[in-house]
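Just below is one structure, and these are the notes that go with it.
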Amino acid sequence: MKYLMTLALLMTSLTTLGDGLPDSPPEGGASLLPADRDIPKDEFGKMVRQGQLIFSNTGQYARAYVGNDLSCRNCHLDQGRKAGSAPLWAAFLSYPAYRSKNHRVNTFAERLQDCFLYSMNGKAPPLGDPILVALESYAYWMEKNAKINPRLPERGIPQIQAPGTPPSYERGKTVYANHCALCHGVDGQGRRAGDGHVVFPPLWGSRSFNWGAGMAHLNKAAAYIKTNMPLSLGGSLSDQEAWDVAYFMDGHDRPQDPRFTGSVDETRALFHRSRNSLYGHLVDGHVLGNDPASHN
Amino acid sequence: MNRTKYRARGKVFLKALLFLPLAFGAHAETSPPHALILGVGEGSGFSRAACAGCHGSEGEGNAAGGIPGLRGLPSTYLEKQLHAFASGERKNPIMNSIAQALTADGITHAANYYAQLPPRSRPLGAGDESGHELAVHGRWSENVPSCDDCHGPDGKGVGENFPALNGQPALYLENQLRAFQNGSRPPGPLRLMENISRKLSAQDIRAVSLYYSGSSAVTPGGQP
């Protein structure tokens, strides 16, 4: 059989989430997304390619706006294509939208800014900046050329059921050691290739996403991990294991929330009242958000 | 597909047998000085020369024989492989008997010796597009990440558990992917490679192996 990847097929993670089998084939009717070679060879195509470069090597192509070792693609898998990892093309279709995070209607470009501020622990490129234009072009191109199955709710990250037992740091530590440390390291700091390129991204500490990021919320982290991790074995952890390991990951310190008011208690009261945030909580002997090393 | 497999492995076996006397002959003659140079303890069972006949005098491997390069591979990985050969879990008649002749110390010395040689890499990109696609983009519709996602950019390897693929003989890589598929090699950490290899077709295996070997696709008859 000839393998010609003219179109990248998307996994319909929503439907495969429940059965817990990493090997299950994609359910029928997945949306079809264009491949890199379909990027047009004109001025617009150049912008699309630039957007893809920024998305895949954010620290290199948008250095001024990045404050950690992550790239967009580390979370939004298959360069922003993969359903179940908040795919970029499905997001493009979903804005402007109201966000409870900032209590107003956000444009797509503003949503991109947010990921720079929190997930990338950096600064928001100003609206109209070529970096945002390139990312928007990339998202638009992907969406425009996709054959989208209208019945598939591929946007975002599939929800995960509430945990049967409250998540536990200790159990999470065991899950982490058995299923994650191989790649992300015993210390959670990930691993680089010999040339310095980040291959396995850091999950906590000063080079990871900050306290304001979606991934710093237990429900989002658990859902993301359940669907996507361990890499290539998404869906193999039980819901409980996903919650426990999310608790362990988010139970470590990380860069300060950029909305920090000077007081952890106050910042918690203003921005982290959710049960899904461990910010300001005592976990494993530390009050999270209080680590001087994370105030950078 | 099965027939290709046995032909491929048979060829390696024959070639390797030809090397055997040479390898062990060299061992007998040069063992003491090498042992000194390498600081290998007496009786550890490892001398570089015993391996050089097949794996090359600088651990660079032998493309035609499908014999892997060892230089620069992580020591933890090499050690695990040698133990797996010794126990017979990783099946290869030649390496099974060679590894069984090594003591545990010999295995550690061999692994450390090859691990400290600086790796060599080749420019990739020759060969057909489907190999390149799999290597750098994967096939996420079947939950197959890109090979580079774990083996690092250009397949140059990452840390102690993810060996380099760059520059390994295409024949060797093909044999390994089939070995993961059929269980004649242990599934490796988290059974990652067993799981991934089972999602690859014979065509995928050929294309991606050629890609990482760094040799050009147009060698009609060159690859079995």
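Read-outs throughout are calculated quantities, based only on the coordinates presented, and are distinct from any laboratory measurement. Just so you know, these numbers come straight off a predicted model, no measurement behind them. Neighbour counts are summed over all protein chains in view; Cβ atoms, including those assigned to glycine, are modelled from backbone coordinates with ideal geometry.
Across the range B:91-106, rounded Karplus estimates of 3J(HN,Hα) from the backbone phi angles (6.51 cos²θ - 1.76 cosθ + 1.60, θ = phi - 60°) give 9, 7, x, 5, 5, 4, 6, 5, 5, 5, 7, 8, 7, 4, 4, x Hz, Gly and Pro being marked x.
7 Å from Cα along Cα→Cβ at both B:ASN112 and A:ASN290: what's the point-to-point distance in nm? Going from the B:ASN112 label point to the A:ASN290 one covers 4.5 nm.
Placing R0 at 25 angstrom, the Cβ-Cβ distance between B:ARG122 and B:SER57 gives a FRET efficiency of 0.85 after rounding to 0.05. For A:VAL283, the residues whose amide H sits under 5 Å from its own are A:LEU288, ignoring neighbours fewer than 5 places away on the same chain, with H placed 1.01 Å from N.
In the elastic network of chain A, a GNM with C-alpha springs shorter than 10 Å, the most mobile of A:HIS217, A:HIS281, A:HIS252 is A:HIS281. The value for chain A of Rg(Cα) / (2.2 N^0.38 Å) is 0.99. Residues whose amide H comes within less than 5 Å of that of A:ARG191, counting only those at least five positions distant or on another chain, are A:VAL199, A:PHE200 (H built at 1.01 Å from N in the peptide plane). Residues whose amide H falls under 5 Å from that of B:VAL144, counting only those 5 or more places apart or on a different chain, are B:ARG139, with hydrogens built in the peptide plane. Each of B:MET95, A:MET229 has some number of other Cβ atoms within 10 Å of its Cβ, and from fewest to most they run B:MET95, A:MET229.
Above 19 Å, the calculated P(r) of the range A:169-295 contains 46 percent of its Cα-Cα pairs.
Modelled label positions at A:TYR98 and A:ARG63, each set 7 Å beyond Cα in the direction of Cβ, lie 4.3 nm from each other.
Applying 1/(1 + (r/R0)^6) with r as the Cβ-Cβ distance of B:SER184 and A:THR261 and R0 = 56 angstrom yields a FRET efficiency of 0.35. The spacing between the range A:168-182 and the range B:85-100, judged by their C-alpha centroids, is 33 Å. From least to most packed, judged by other beta carbons within 10 angstrom and beginning with the fewest, B:GLU129, A:GLU241 follow the order B:GLU129, A:GLU241. With a 10 Å cut-off around each Cβ of B:151-161, the average count of Cβ atoms from other chains is 5.
Cβ crowding within 10 Å ranks A:ARG275, A:ARG111 as A:ARG275, A:ARG111, fewest other Cβ atoms first.
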